[in-house]
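Take a look at the structure below.
The values are calculated or read from the model by the stated rules, or taken from the named source; none is laboratory data. Please read all numbers here as calculations on a predicted model, not as lab measurements. So basically every Cβ, Gly included, is an ideal-geometry build from the backbone, and we count neighbours across all protein chains shown. These area figures cover heavy atoms from the full protein model, side chains too; ligands, DNA and RNA do not enter into them. Shrake-Rupley method; radii C 1.70, N 1.55, O 1.52, S 1.80 Å.
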Amino acid sequence: MLNKALEKLEKGINGAKLSQHGKAVSTHVVEALKEFCRQNGEFAQAVAQSDKTVAECVEAAVKGAGNYLSDIEVYSRAAGFWFEGAKVKFTMTIDLGDEGFSNVTADDARPEPPAKKGLSLSLDELLK
């Protein structure tokens, strides 16, 4: 089922007539949807078995977009197009080349830095 879904997504956008907004995001939306299919077999099945087209998905994802539409909103709309109720979550982490992020600031006078910890930010929470 995964291969069928990936093929549908890959071929479905070729030659499609898209709006300006749709053209701007189509490649990224298709890549995200392919990754969602790889992550979840049920999602892949929904894509593969649907009569909906990739072009319809892209246009639904950008419908009503003005001058700005966040990436997470576009990907959430695209996922919801194929599978109602699907939610997309983003996680961002920062790595300063030391396998983690230290919360020590210049004002902290400590003889030894604390153990390295990763900082995890939820883009969902930042965009609310």
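Here is a list: ALA61, ALA65, ALA55. Which entry is in contact (Cβ under 8 Å) with a residue 12 or more places away in the chain, under 25 Å from GLN20 (Cα atoms) and out of contact with any helix residue (DSSP H, G or I) (no Cβ under 6 Å at 6 or more places or on another chain)?
On inspection, the qualifying residue turns out to be ALA55.
Applying the selection to the range 15-45, what residues are free of Cβ contacts under 8 Å to residues at least 40 places away in the same chain and not in a loop (DSSP other than H, G, I, E, B)?
Of everything in the range 15-45, those that are free of Cβ contacts under 8 Å to residues at least 40 places away in the same chain and not in a loop (DSSP other than H, G, I, E, B) turn out to be GLN20, LYS23, ALA24, SER26, THR27, VAL30, GLU31, LYS34, GLU35, CYS37, ARG38, GLN39.
Quick one: count up the residues across the range 28-52 that are more than 19 Å from LEU18 (Cα to Cα), open to solvent by 50 Å² or more (accessible area, probe 1.4 Å) and under 16 Å from the mean Cα position of the chain (by Cα).
4
Have a look at LYS52, LYS17 and point out the one that is more than 16 Å from ARG77 (Cα to Cα) and among the basic types (Lys, Arg).
Exactly one residue qualifies, and that residue is LYS17.
For the condition touching a helix residue (DSSP H, G or I) at 6+ places or on another chain (Cβ under 9 Å), open to solvent by less than 60 Å² (accessible area, probe 1.4 Å), at pLDDT below 95 and over 20 Å from MET1 (Cα atoms), what is the one hit in GLY22, GLY100?
So the residue among GLY22, GLY100 that is touching a helix residue (DSSP H, G or I) at 6+ places or on another chain (Cβ under 9 Å), open to solvent by less than 60 Å² (accessible area, probe 1.4 Å), at pLDDT below 95 and over 20 Å from MET1 (Cα atoms) is GLY22.
Given (1) modelled with pLDDT of 95 or more; (2) open to solvent by 100 Å² or more (accessible area, probe 1.4 Å), where does PRO113 come up short, assuming only one miss?
Every condition holds for PRO113 apart from (1).
With respect to ASN67, is the statement that it is at pLDDT below 70, open to solvent by 60 Å² or more (accessible area, probe 1.4 Å) and more than 21 Å from GLU10 (Cα to Cα) true?
no
Residues in the range 73-88 that are under 21 Å from HIS28 (Cβ atoms) and exposed (fewer than 11 other Cβ atoms within 10 Å of the Cβ): how many?
So the answer is 1.
When the residues of the range 53-93 are filtered to those that are assigned to a strand (DSSP E or B) and more than 16 Å from GLN39 (Cβ to Cβ), which remaining residue is nearest to the chain's Cα centre (by Cα)?
MET92
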